[in-house]
Amino acid sequence: RGGRPVLDPARLAFLTAQEEQRFLADRPRSRALLERARAHMPGGVPMGWMTAMHGHAPIFAAEGDGAWFTDIDGHRYLDMNQADLSMNVGFGPPAVVAAVADRMRRGSQFMLPTEDAVWCAEALAERWDLPYWQFTLSASGANAEIIRLARHASGRDKILMFDGKYHGHIEDSLVIMADGKVKPELHGLTPDHAAHARMVPFNDLNAVERALKPRDVALCIVEPALTNVGVVLPDEGFHAGLRELTGHYGTFLALDETHTQIASPGGLKQLWQLEADAVGLGKTIGGGVPIGAYGLSEVLAQPLKTPPSMPGAPMESVGGVATGGTLYGNALSLAACRAALSQVLTPQGFARTAALGTQLADGLAGLFAAASLDWQVHRLTSRSGFTFADHLPRNAAEARALAQPALYRLLRLWMANREVWESVATAGPTVSFAMAEAEVAFYLERMRDFLADIL
Ligand code: PMP
């Protein structure tokens with residue numbers, strides 16, 4: 001293309017080295033604490049994956065307030081990814097802080113239901129148009145139980161997923177496609193689970209039909225838009241086709257809206273009028289307190305309503321189906337969830353973040369045009385992002401081919417040195433409930449300066 005700017009790999013490498021040096025030099029306290037931490041935590045972190053998140057050593061967080069947080073060296077950051085959207089409500093929303101403090105004082109866990117649970121189930125049923133709700137501590141926990149309930153209700157054992165998915169740290173979905181076969185994604189997983197999994201490309205209804213045809217698939221689980229390989233939007237008609245095919249072949253359909261719940265009070269299900277037998281949620285509906293939730297159709301919920309008498313059976317086998325978690329459905333999670341749903345994640349709040357998402361998308365598109373870059377912007381209400389190419393990907397393979405990990409690594413590092421944080425590579429920016437126009441403008445200014453620096 002005439003006039004299209006060329007990104008010089010040597011300049012990108014030079015800038016990356018320079019930014020890395022600056023990042024380390026400016027964070028002596030984090031470096032010292034990391035050294036101390038290594039004695040009793042592998043890699044110096046409470047969860048190993050924290051070392052793999054960034055191309056640099058992890059830093060230690062100090063505190064957060066609204067859209068911003070600080071590290072122990074006193075640097076502040078505008079959080080454009082909010083801990084993989086688990087803090088999309090913002091840090092310390094006052095309503096949630098008050099509800100949690102109150103619940104903590106009055107007892108946080110009883111292994112008994114509280115009225116907040118009823119309120120939350122009612123609110124979620126209305127928002128997500130599914131009659132029954134259960135609560136876990138994470139989205140992983142929610143998806144694990146949806147899978148079990150679907151297997152039980154269908155009498156089948158296979159699970160259909162889409163390449164590029166992430167549904168949590170559960171055996172059934174920690175699988176990948178490699179050389180045309182489904183395999184365990186990582187070490188420590190057995191091939192048995194992969195043997196029960198089928199995986200097809202997103203937006204490929206022919207492949208879906210081939211996978212469902214043997215009529216042995218219990219559940220198809222899908223994010224309405226893929227959000228863990230950048231963002232991949234569905235083709236027009238993809239979800240309608242998926243619903244029709246799953247219905248035709250007797251397979252339950254679950255929407256994993258752990259990330260896409262930020263799109264509207266009832267996620268993309270509500271926004272796009274999607275039908276499903278189950279929905280899995282987690283992350284930000286807890287207002288910053290761990291929670292997961294899943295919504296169920298009448299059929300899937302049935303076994304949980306009618307526990308058969310099974311003398312001697314463990315308590316977590318209600319209805320004969322394995323469900324779990326001493327702390328699942330605890331009073332604290334549900335008090336936090338109620339406060340978040342009623343006072344932060346409100347219809348007005350979603351309208352506001354969606355408008356800010358448009359400001360973000362328009363701003364990005366304007367910056368790329370001004371820089372003569374053909375990078376394409378996608379819009380998903382508050383989650384607006386971009387692809388380093390003149391077209392958006394239609395599936396995970398395309399998204400991987402268009403990704404530029406070295407460039408994105410430089411972008412995150414460069415931004416981190418200038419008060420903008422993105423915890424997940426390739427996720428792209430998302431507006432949080434704590435942001436206003438000024439924060440979006442702040443991010444866009446930084447992006448403008450970044451482009452000027454690399455071009
Ligand atoms: N589903 C989706 C779509 C996710 O992106 C994630 C986490 N990134 C999960 C489920 C699992 O969430 P958690 O790790 O909080 O259990």
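Remarks
- Among Met47, Met80, the order by Cβ neighbours within 10 angstrom, fewest to most, reads Met47, Met80.
- Rounded to 10°, Cα long-axis angle of helix 115-128 versus longest principal axis of the chain: 70
- For the chain, the relative contact order works out to 23 percent when only alpha carbon pairs closer than 8 Å and six or more residues apart are counted.
- Between Cys220, Gln261, Gln302, the Cα set farthest toward the positive side of the dipole of segment 94-343 (charges on each charged residue's Cβ, about the Cα centre) is that of Gln302.
- The charge dipole of segment 94-343, taken about the Cα centre with unit charges on the Cβ atoms of Lys, Arg (+1) and Asp, Glu (-1), comes to about 400 debye, rounded to the nearest 20.
- Look at the alpha carbon pairs under 8 Å that are at least 6 residues apart: their mean separation over the length of segment 1-60 gives a relative contact order of 26 percent.
- Cut-off 13 Å, label 7 Å out along Cα→Cβ of Gln109, residues of segment 272-295 by amide N: 290-291
- Sequence-distant residues sharing a close amide H with Val175 (under 5 Å, placed H): Glu185
- Positive end of the dipole of the chain (Cβ unit charges, origin at the Cα centre): among Gln82, Pro191, Pro5, the Cα lying farthest that way belongs to Pro191.
- The C-alpha atoms of the chain define a longest principal axis, and helix 9-25 lies at about 80 degrees to it.
- Using a cutoff of 8 angstrom between alpha carbon atoms and counting only pairs six or more residues apart, the relative contact order for segment 94-343 works out to 31 percent.
- Set Lys183/Lys213; Lys165/Lys305; Lys183/Lys269; Lys165/Lys283; Lys158/Lys183 screened for pairs whose C-alpha atoms are more than 24 Å apart: Lys165/Lys305; Lys183/Lys269
- Label-point separation, Arg11 to Asn206 (7 Å along Cα→Cβ), nm: 4.3
- Principal-axis tilt of helix 405-416 within the chain, Cα atoms, nearest 10 degrees: 80
- Here the simple spin-label model places points 7 Å from the Cα toward Cβ, and for Met53 and Glu437 these points are separated by 3.2 nm.
Values in this text are rule-based calculations from the coordinates and carry no lab data. Because the structure is predicted, anything quoted here is derived from the model rather than measured. Positions of Cβ are generated from backbone atoms using ideal geometry, with glycine treated the same way; all protein chains shown enter the neighbour counts.
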